[in-house]
1. Condition first: more than 30 Å from A125 (Cα to Cα) and either in contact with a strand residue (DSSP E or B) (Cβ under 7 Å, 6 or more places away or on another chain) or of a type outside the set (A, V, I, L, M) (or both). Now tell me which residues in segment 69-100 satisfy that.
2. From the list F304, F270, F262, which one is closer than 30 Å to S387 by Cβ, of a type outside the set (A, V, I, L, M) and out of contact with any Phe, Trp or Tyr (no Cβ under 7 Å at 6 or more places or on another chain)?
3. Would you confirm, using the coordinates I've provided, whether L294 is touching a residue at least 60 places away in the same chain (Cβ under 8 Å) and in contact with a helix residue (DSSP H, G or I) (Cβ under 8 Å, 6 or more places away or on another chain)?
4. If N404 satisfies all but one of (1) among the polar types (S, T, N, Q); (2) under 30 Å from E440 (Cβ atoms); (3) buried (at least 21 other Cβ atoms within 10 Å of the Cβ), what's the number of the condition it fails?
5. Please determine, by comparing only the residues of segment 197-232 that are crowded, with 16+ Cβ neighbours inside 10 Å and outside any helix (DSSP H, G or I), which one is modelled with the highest pLDDT.
6. Output the qualifying pairs, or none if there are none: Cβ atoms under 7 angstrom, residues six or more apart or on different chains, first residue in segment 432-455 and in the same structural domain as D410 (by TED's automatic domain parsing), second residue exposed (fewer than 14 other Cβ atoms within 10 Å of the Cβ) and assigned to a strand (DSSP E or B).
7. Please enumerate the residues belonging to segment 425-444 that are in contact with a Leu (Cβ under 7 Å, 6 or more places away or on another chain) and assigned to a loop (DSSP other than H, G, I, E, B).
8. Please return the ranges of helices (runs of 4 or more DSSP H) entirely within segment 1-76 where 2 or more residues are touching a residue at least 12 places away in the same chain (Cβ under 8 Å) and closer than 21 Å to I176 by Cβ.
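The values are calculated or read from the model by the stated rules, or taken from the named source; none is laboratory data. Just so you know, these numbers come straight off a predicted model, no measurement behind them. Positions of Cβ are backbone-derived with ideal geometry, glycine not excepted, and every protein chain shown enters the neighbour counts.
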Amino acid sequence: MSTTGLNNIEKRAAFSLATVFGLRMLGLFMILPVFAIYGEQLIGYSPIWLGLAIGAYGLTQAMLQIPMGILSDKYGRKPIILIGLVIFCIGSIVAAMSETIYGVVIGRCIQGMGAIASAVLALAADLSREEQRPKVMATIGMFIGLSFTVAMVVGPIVAEIFGLSGLFWFTAVLTILAMVMIQFMVPDSVHKAPRGDNVALPAQISRLIKHPELTRLNWGVFILHMALTACFITLPKQFVDNGLALEQHWQLYLPVLLGSFFIMVPFMIFAIKKQREKQMFTFAVALLTLSLLLMWLLPSGFWFLVLSLGLFFTAFNYLEATMPSILSRIAPAGVKGSVMGIYSSSQFLGAFTGGLLGGVLASNFGEKSIFLVMALFSLLWVLAAASMKPLKKSKSYSFATNINTEEQADDIAEQLINMPGVLEATLMHSEAVAYMKVDEKLVDLQAVRSLLNPV
């Protein structure tokens, strides 16, 4: 089997799991560009209930993200993923059959209960080798980003042809397709990656929540998705008011999203090559703040909105793409699963808060106030980002070890941490695994392996 590229199992896992993840996120995102308009037709409509319907999935998703990952560790990845998809499908059907906004909120809450993200990522880790795992995870991340772009384009088209209920029925069909792929296309797990690499460990969570650098990123992704959800309570209405019919909104979103992507990529390359990641990250948060302030300050003209939206998505896409990478580099060795679980929960909780807070603001202070309040939150994030520590170049590894006593593990860990290029070392003798974070240019991996497996 090749050590330089993905083998056949890893290719199948990467494509099929990325597609499953993408189909599910597509179903969640398609409501964003249309619900502000179609939601007004539902019985019981109000701005607050509109916001809840858009963001409700985030609350149950945030609550169940970590528990579903732990259950997948106990009962198997595929069964838990399939159960989650069935729940998601039921939620879609409930929303599709509802004539009241309350029913849609309930359906969206049920959708969120199918929280399979951590289980899917854990299965991806199980099906990939340590050195190829970043490629598999990057493929999944790419499909998530692609699903958002497709949702912004397809959502208005599907809603125009089939109505709001048709949008949810379409989501249910996509979910069934995802279930078929999990059952018949995703390879069965042939081994398990070390638990700390992919599943949240409850004993670690409280300690990691207090970690200052991780906390900055968790609050950051919370604010990012809060702003996204809140803004789409009003943006579709503003474009309709400026003469762009809802079925034509895809003609706006497609070039804006593609344009923001092509603007973002050179900045990412510059940041990595010139080692200016912290500075570019802070600049992106500042750009997000500027875009929100422009939405609030500028007149509600069509081209002003296009300009503001273009700046918003350039910043959003840059931050969405770079934050998981930064997170993995900051995460202490051996607890990546817990770190990602907290991060994902913060993201979904942000989506829920954005829907609720956006609805309250629109109801009491007018829809323009949403942009101002989100800009103020984003400004706080700018201050937090400016105080980040410079990012060190590092790579995480997990190694099998034959060390089987706590005393021996402590002694070897002390020797490892004093080796050149070793930044962190955690030995879990009960699991026969060592988690390490290293500088690849300085570390001698062969010496590390020899130390971890004494004869």
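1. In the first step, residues of segment 69-100 are kept if they are more than 30 Å from A125 (Cα to Cα); the result is 93-100.
The answer is S98, E99, T100.
2. Details: F304 fails: closer than 30 Å to S387 by Cβ; F262 fails: closer than 30 Å to S387 by Cβ.
Going through F304, F270, F262 in turn, the sole match is F270.
3. Working: touching a residue at least 60 places away in the same chain (Cβ under 8 Å): no; in contact with a helix residue (DSSP H, G or I) (Cβ under 8 Å, 6 or more places away or on another chain): yes.
Judged against the criteria, L294 is not a match.
4. Against the list (1) among the polar types (S, T, N, Q); (2) under 30 Å from E440 (Cβ atoms); (3) buried (at least 21 other Cβ atoms within 10 Å of the Cβ), N404 comes up short only on (3).
5. Once the filter is applied, the top-ranked residue is F232.
6. Note: pairs meeting the criteria are A432/A400; V433/A400.
7. Of everything in segment 425-444, just one residue is in contact with a Leu (Cβ under 7 Å, 6 or more places away or on another chain) and assigned to a loop (DSSP other than H, G, I, E, B), namely D439.
8. Values: elements: 8-29, 35-38, 47-75.
So the answer is 8-29, 47-75.
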